[in-house]
Amino acid sequence: MKTIFGIVLAGLLLGIVFTGITLLSEIFGLSRISDYFSTYSGSMSYKYYKITFRPIAKQSVEDISFPNLKYGYELDDNKLLKVNVLQSEIPYQNIEYIFYNTKNISATFSPDSIYLAWVGIRGNYFSFPFRDKYGFQITQVSAYVGADEEVSIYPTLEANWANGLKLYAWVSIFLETLFLMALVSLLNMDEPNRYARFFPILFIVLFGAAGLYVDYVDYEAMGWPIFRPILILLLIGWYLYTLFFPEEELEKTA
């Protein structure tokens, strides 16, 4: 049993180390996310939310540190927009910042006007589960005709609206650890312990379920990826081959 515990612990520690390396790559922008430095395109950014506001001021984002970790993308050519929210699908208490790209959005954002905009959630899956306020980027905006009291009412999301995004973030964080625990368990299937053959399939199933869940969420905008299903099938094939053709039997037939 101590050997099995050591195998599981080794996989867990390796997973933590590699996840830490991935965290550093996220901090410095070397991410799995495509076009990382220009726009965040991870699964947390696929949904867009309506907000009606009156601008108050425009501010620089130079003082924001590690923006690609906190907000999922570099803030070059972006400005922070201070607003008086008149109506929003996002609960007001969850809005930390609203950004807009000065190259993509040409609106002047006059404090004398009201604007209707679509905003995208922004956040890196490493930091997202630990926060209750998030950065939003304006993707489309138009001037609103009418006074404050004439703004159309539309429903605000429930307080738990971000739970699905947090689940996605947590699963993404643990993917590497689950994979390495499965890999280490596979490499030690020849240990003289009946549990040594149980743990590989346990971690393969956990990794497979987690990976397919992430792929399922990503499917909306990225299509179904082929790499992870192939990896899962290779792990299952390796497990079955080692299960039915252990090294001891191969040595006997040699």
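Observations, loosely collected:
- The set of residues in region 137-188 being open to solvent by 50 Å² or more (accessible area, probe 1.4 Å), within 30 Å of Ile21 (Cα to Cα) and of a type outside the set (Asp, Glu) consists of Asn163, Leu167, Trp170, Phe174, Phe179, Leu187.
- Residue count for region 133-160, restricted to those that are out of contact with any strand residue (DSSP E or B) (no Cβ under 9 Å at 6 or more places or on another chain) and over 18 Å from Val83 (Cα atoms): 4
- Of all the numbered requirements in (1) surrounded by fewer than 19 Cβ atoms within 10 Å (Cβ to Cβ); (2) β-branched (Val, Ile, Thr); (3) in a loop (DSSP other than H, G, I, E, B); (4) modelled with pLDDT under 85, Ile33 misses one, and that requirement is (1).
- Residue in region 96-115 that is most open to solvent (accessible area, probe 1.4 Å), counting only those that are under 29 Å from Glu158 (Cα atoms) and either in contact with a helix residue (DSSP H, G or I) (Cβ under 6 Å, 6 or more places away or on another chain) or of a type in the set (Ser, Thr, Tyr) (or both): Tyr97
- Residue selected from region 194-203 under the condition at pLDDT below 90 and open to solvent by less than 40 Å² (accessible area, probe 1.4 Å), by the criterion farthest from the chain's Cα centre (by Cα): Ala196
- Matching option when the condition is part of a loop (DSSP other than H, G, I, E, B) and free of Cβ contacts under 8 Å to residues at least 12 places away in the same chain, among Thr108, Thr156: Thr108
- Filter result for Val17 (at pLDDT 90 or above, of a type in the set (A, V, I, L, M) and within 30 Å of Ala182 (Cβ to Cβ)): yes
- Residues satisfying the stated conditions in region 121-134, i.e. at pLDDT below 90, closer than 13 Å to Ile95 by Cβ and either of a type outside the set (Lys, Arg) or not in a loop (DSSP other than H, G, I, E, B) (or both): Ile121, Arg122, Gly123
- Conditions (1) surrounded by fewer than 13 Cβ atoms within 10 Å (Cβ to Cβ); (2) under 20 Å from Ala147 (Cα atoms); number of the one not met by Gln93: (2)
The values are calculated or read from the model by the stated rules, or taken from the named source; none is laboratory data. Predicted, not measured: the structure shown is a model, and the values here were computed from it. Don't worry about glycine lacking a Cβ; one is built from the backbone with ideal geometry, like all the others, and counts go over all protein chains shown. These area figures cover heavy atoms from the full protein model, side chains too; ligands, DNA and RNA do not enter into them. Shrake-Rupley method; radii C 1.70, N 1.55, O 1.52, S 1.80 Å.
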